[in-house]
Amino acid sequence: MKYKNLVKRIGCKILFVLLAFMLGWLFGMAMNFFHGKDQMTETLSTAAEEGKKQIAITFDDGPNPEYTMKLLEGLKKRGVKATFFVLGEEVERYPDILKAAYDDGHLIGVHSYQHVNFGQIGDAAALEQVEKTRQAIYDVTGEYTGYIRPPYGCWKKELDQELPMIEVLWDIDPLDWATKDADTVVQRVLQKCPDGSIILLHDASESSVCAAFTIIDTLQKQGYEFVTVEELMLE
């Protein structure tokens with residue numbers, strides 16, 4: 001009888017150990033499953049972020065005392081970083097506006113000093129246009145910019161040795177300066193706006209600013225992220 005009871009107790013203990021082992025194994029499998037699921041979700045999220053569609057929106061000819069601040073307010077509201085190619089003469093007139101754009105995290109580049117066509121002036125005069133504008137930007141921001149968009153897209157290759165700057169042109173030019181109809185500008189941009197595009201606009205009119213906001217709102221809903229031209233080039 002004692003032997004039978006002992007066997008029963010040993011059998012119960014073995015059964016208990018086996019049950020505990022099985023429960024532990026099942027728990028471990030469950031944890032691995034959910035942990036693996038979390039890892040998979042994280043990987044997919046990261047991949048989705050890396051696959052974002054990006055566009056750079058740029059503005060020429062500022063800073064403008066009437067429209068640039070309104071533009072900056074709208075960009076901040078939308079969480080958008082833009083690139084401003086400025087005129088040195090206007091920077092000297094409105095340094096506070098340029099400082100506001102710089103402080104908001106926008107990229108500042110050279111346009112020219114007085115919006116002249118570099119192809120129609122000598123090398124020395126073109127160099128002066130660029131250097132005076134770079135200096136004006138530095139005086140406000142404390143940083144020398146390395147980016148330039150020459151007026152009319154006309155750059156002098158002879159200046160490459162003198163000015164180690166990156167020339168930035170554009171993919172989409174809706175000619176916003178030639179119309180007061182914001183809807184026309186918006187339509188011209190949205191009908192041809194692939195991933196990686198650089199949009200050319202101006203911060204010198206009400207219609208251009210309104211068009212910019214509509215373009216941004218529309219493309220953000222389509223999953224586009226707005227970045228500076230520097231960020232776009234680094235991708």
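The values are calculated or read from the model by the stated rules, or taken from the named source; none is laboratory data. Remember, predicted model here, so these are calculated numbers, not experimental data. As a convention, Cβ positions derive from the backbone with ideal geometry for all residues, glycine included, and neighbour counts pool all protein chains shown.
If the condition is being closer than 23 Å to Ile137 by Cβ and surrounded by 16 or more Cβ atoms within 10 Å (Cβ to Cβ), then the range 168-192 contributes Val168, Trp170, Trp177. If I filter the range 136-144 for residues that are surrounded by fewer than 19 Cβ atoms within 10 Å (Cβ to Cβ), charged (D, E, K, R) and at pLDDT 95 or above, do I get at least one hit? Among the residues of the range 136-144, at least one is surrounded by fewer than 19 Cβ atoms within 10 Å (Cβ to Cβ), charged (D, E, K, R) and at pLDDT 95 or above, which makes the answer yes.
Filtered by the rule that a residue be surrounded by fewer than 22 Cβ atoms within 10 Å (Cβ to Cβ) and either within 28 Å of Lys221 (Cβ to Cβ) or modelled with pLDDT under 95 (or both), the range 81-100 gives Lys81, Ala100. Scanning the range 142-191 for residues that are charged (D, E, K, R) and within 22 Å of Tyr102 (Cα to Cα) gives Glu143, Arg149, Glu167. If you go through the range 52-73 and keep only what is outside any loop (DSSP other than H, G, I, E, B) and touching a Phe, Trp or Tyr at 6+ places or on another chain (Cβ under 9 Å), you end up with Lys53, Gln54, Ile55, Ala56, Ile57, Thr58, Phe59, Asp60, Thr68, Leu71. Scanning the range 115-126 for residues that are part of a helix (DSSP H, G or I) and either out of contact with any helix residue (DSSP H, G or I) (no Cβ under 6 Å at 6 or more places or on another chain) or surrounded by 18 or more Cβ atoms within 10 Å (Cβ to Cβ) (or both) turns up Phe118, Gly119, Gln120, Ala124, Ala125, Ala126.
For the range 208-235, the set of residues classified as small (Gly, Ala, Ser), touching a Lys or Arg at 6+ places or on another chain (Cβ under 7 Å) and buried (at least 20 other Cβ atoms within 10 Å of the Cβ) is empty. From the list Asp195, Asp203, Asp176, which one is of a type outside the set (S, T, N, Q) and free of Cβ contacts under 8 Å to residues at least 60 places away in the same chain? Just one listed residue meets the conditions, Asp176. Answer with yes or no whether Ala136 is within 15 Å of Ile108 (Cα to Cα), of a type in the set (A, V, I, L, M) and free of Cβ contacts under 8 Å to residues at least 60 places away in the same chain. Here the answer is yes, as Ala136 does meet what is asked. Restricting attention to the range 117-157, the residues that are of a type in the set (A, V, I, L, M, F, W, C), more than 17 Å from Glu89 (Cα to Cα) and touching a strand residue (DSSP E or B) at 6+ places or on another chain (Cβ under 9 Å) total 1.
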